[in-house]
Every structure is written in structure tokens, then in C-alpha cells.
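Structure, as C-alpha cells:
No lab work stands behind these numbers, since they all come straight from the coordinates. Note that the structure is a prediction, hence the values are computed from the model and not measured. Because the Cβ atoms are built from the backbone with ideal geometry, glycine has one as well, and the counts that use them run over all protein chains shown.
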Amino acid sequence: MTKSEGTRQGDGSFVLPACRRDKRTVPLSCHVKQNFAAYVSDYDADDPKIALKIKHTYRVADLSDEIARSIGLGEEDVYLAWLIGMLHDIGRFEQVKRYGTYIDSESVDHAQLGADILFGEGRLIEKFTDDRKTDSLIETAIRQHNRFMLTEGLDDRTRMFCDILRDADKIDILRVNYETPMEEIYNTSREEFLASAVSSEVMEQVRQHITVTRDVIKTYADHLIGHIALVFGLVYPRSRELAKEQGYLDKLLSHPMKDPGAREALEEIRGIIGAG
Ligand SMILES: [Fe+2]
């Protein structure tokens, strides 16, 4: 855990450094960060899987704040977008603790688990906000954040907060995929990953500028392309800018693949994304 996220004291208590005064609603966000730090202090921050999700949470919250500002939301709604970012992956910690993995298909749907922890019997949500009017919106955004597509029939405001969160999450997934060792993300060696080929069905979907569906992903290179193709699902213009600005998209496209077909595929995708 980094200094900005807080430090554990000798007696086991947990303190955050004084919260910065920035544009955000300071006392509330400070309170949320402290309670988040207190919640995750019950989990093993030395486990790289836990550390990764703590960092991811702060990044997604900050990205949500930035996307919300870019579409002209007022301070209260910017704060709500940030808060949803802070809470969206709260189920990850219990998932990793119980199952030792954050692969949902091998354990539990972490979005449902997180929403149950916040809004179920324990009502963890009350540690983060006193405003009960936003409960249902926050719950929906969390439950929907890892779905391939949002459910039909959401009202415009709920859909907007879902989209902000999903954009922010996708943008940071690009970083996570680049920074995390191959062994951890793909469960394979770098050599095997670099030698893998790309399936034609994956490229067919990429050429339609759509997010790649799980059923066509067969190889490690397919997985990589599936992650890169998340940019096709970004809703807001600022999200697409952020995805490019942070540089990880370019890095993911620059993997020195050994398979000629995979190299060509990455070049083709670079052209598609560059052309916007
Ligand atoms: Fe998530």
C-alpha cells in the first residue's frame, strides 16, 4: 500500500495522511477514503491481487471524476460518480479472500457480491454515505458494471452513472493489463503468450468496432485483443481521449508478437483505433 493510501500503525490501527484540499467535496471524500482504507485493512495488502484492486479502485474513482466533469455534471454528481468508482469493486477483496482468484467464472460474480456486501444485511453502504436517496442508483451501477451490456430500461440518469463507471473501469483495465505480469493475467509464460496466434472470429468483431465477445476468445493473443477492443465500448469522448493519453493502449499494441498473423492483427487494430 502506498503512502497516499494510508499506513498501518504498530498497534494495528490505520491512518490516512491528511486529505488534500482539492476541487472535490473534501470532507466527504476524505471520510470515504478513510472508511475504504479501514475496510481493506482487514485484507492482506501484501497479496498482489489485493494490492492491485486497491490501486485500481483509486484510479477508477479519479477517472470517473474526470469523465463526469467532462460531460458538465455539477459538483454533487461528480462526487457521486467518484463515490461509485470507490465502491464498485468492493466485492473483489472478499472474492480473493474466499477463492484466491478474481476470475469470476471460477469463483463468484464480484459485482453481485460487492453489491450484496454494501446493500445486504450488513449495510456497509452506511459507512460511506448518509444519503439513502442514492442507494438504488449506486447499487444498480455496481451490479451492472461487469455486464457485457447494460440491461434495457434503465432511466437516463442511472444509465449515465453506469456508463461513467464502465468507461473508467475499462480505461484502467488497459493499465492493469499492461502492468500485471503475463503469468498473473493470462496464466502463461511471456514466451507462450508472444507465440500465440489470433482467431479469425476475433478480428471479424474488431473490424465491426465492437467489444469482443467471450465465446470467440480462444488464444492468449485473443485475450489481449479482447482487452484492447474494450475501447470500442467507451461511451464518452473524454474516455476515448483518456484511454489514448495514458499510453497503455499503445503499449498493448506494441507487444512483440512472434506469430506473423498476430503482428499483422495488432497493426490492423492500431489503424482502426487511430482512425477512431
Ligand atoms: Fe469490477
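Run the reach check for LYS33 against lysines, Cα to Cα strictly under 30 Å, same-chain hits fewer than 8 apart removed. What comes back?
Straight-distance partners of LYS33: LYS3, LYS23, LYS49, LYS53, LYS55, LYS97, LYS127, LYS133, LYS170, LYS244.
Using the Cα centre of region 128-176 as origin and beta-carbon charges of +1 (Lys, Arg) and -1 (Asp, Glu), tell me which of LEU165, MET149, PHE128 is placed farthest towards the positive end of the dipole.
It is MET149.
With +1 on the Cβ of every Lys and Arg and -1 on the Cβ of every Asp and Glu, and nothing else charged, how large is the dipole of region 23-180 about its Cα centre, in debye rounded to the nearest 20? Spell out each step's value before the answer.
On the way: 22 positive and 30 negative charges, 50 e Å.
With Lys and Arg at +1 and Asp and Glu at -1, about 240 debye.
If I model a spin label as a point 7 Å beyond the Cα along the Cα-Cβ vector, how far apart are those points for GLU245 and GLU152 in nm?
In this crude spin-label approximation the distance works out to 3.7 nm.
Students often forget the sequence filter, so: which aspartates and glutamates lie under 14 Å Cα-Cα from LYS251 once same-chain residues fewer than 8 apart are removed?
Qualifying aspartates and glutamates at Cα under 14 Å: ASP172, GLU179, GLU267.
Step through the residues of region 158-174 one at a time and calculate ³J(HN,Hα) from phi using the Karplus curve (6.51 cos²θ - 1.76 cosθ + 1.60, θ = phi - 60°), rounding each to whole Hz and writing x for Gly and Pro.
Taking θ as phi minus 60°, the curve returns 5, 4, 4, 5, 4, 5, 4, 4, 5, 4, 4, 4, 4, 4, 6, 4, 4 Hz for region 158-174.
Restricting things to Cα coordinates, could you compute the convex hull volume per residue of region 182-276 in Å³?
Values: hull volume 8.7 nm³, N = 95.
Here the figure is 92 Å³ per residue.
Can you classify region 23-180 as rounded, prolate or oblate using the Cα gyration tensor, where a ≥ b ≥ c are the square roots of its eigenvalues, rounded means a/c under 1.5, and otherwise it's prolate if a/b beats b/c and oblate if not?
Numbers: a/c = 1.35, a/b = 1.27, b/c = 1.06.
Note, shape of region 23-180 comes out rounded.
Need one number: nm distance between label points at ILE210 and ASP131, each 7 Å from Cα along Cα→Cβ, rounded to one decimal.
3.7 nm
In Å and from the alpha-carbon atoms only, list the Rg and Dmax of the chain.
19.1, 57
To the nearest 500 deg cm²/dmol, what mean residue ellipticity at 222 nm is calculated for the chain from DSSP H runs of n ≥ 4 alone, each contributing -39,500 (n - 2.57), summed and divided by the residues? Kindly include the intermediate steps, with their values, before the conclusion.
Working: 14 runs with 161 residues, N = 276.
Mean residue ellipticity at 222 nm (helix-derived): -18000 deg cm²/dmol.
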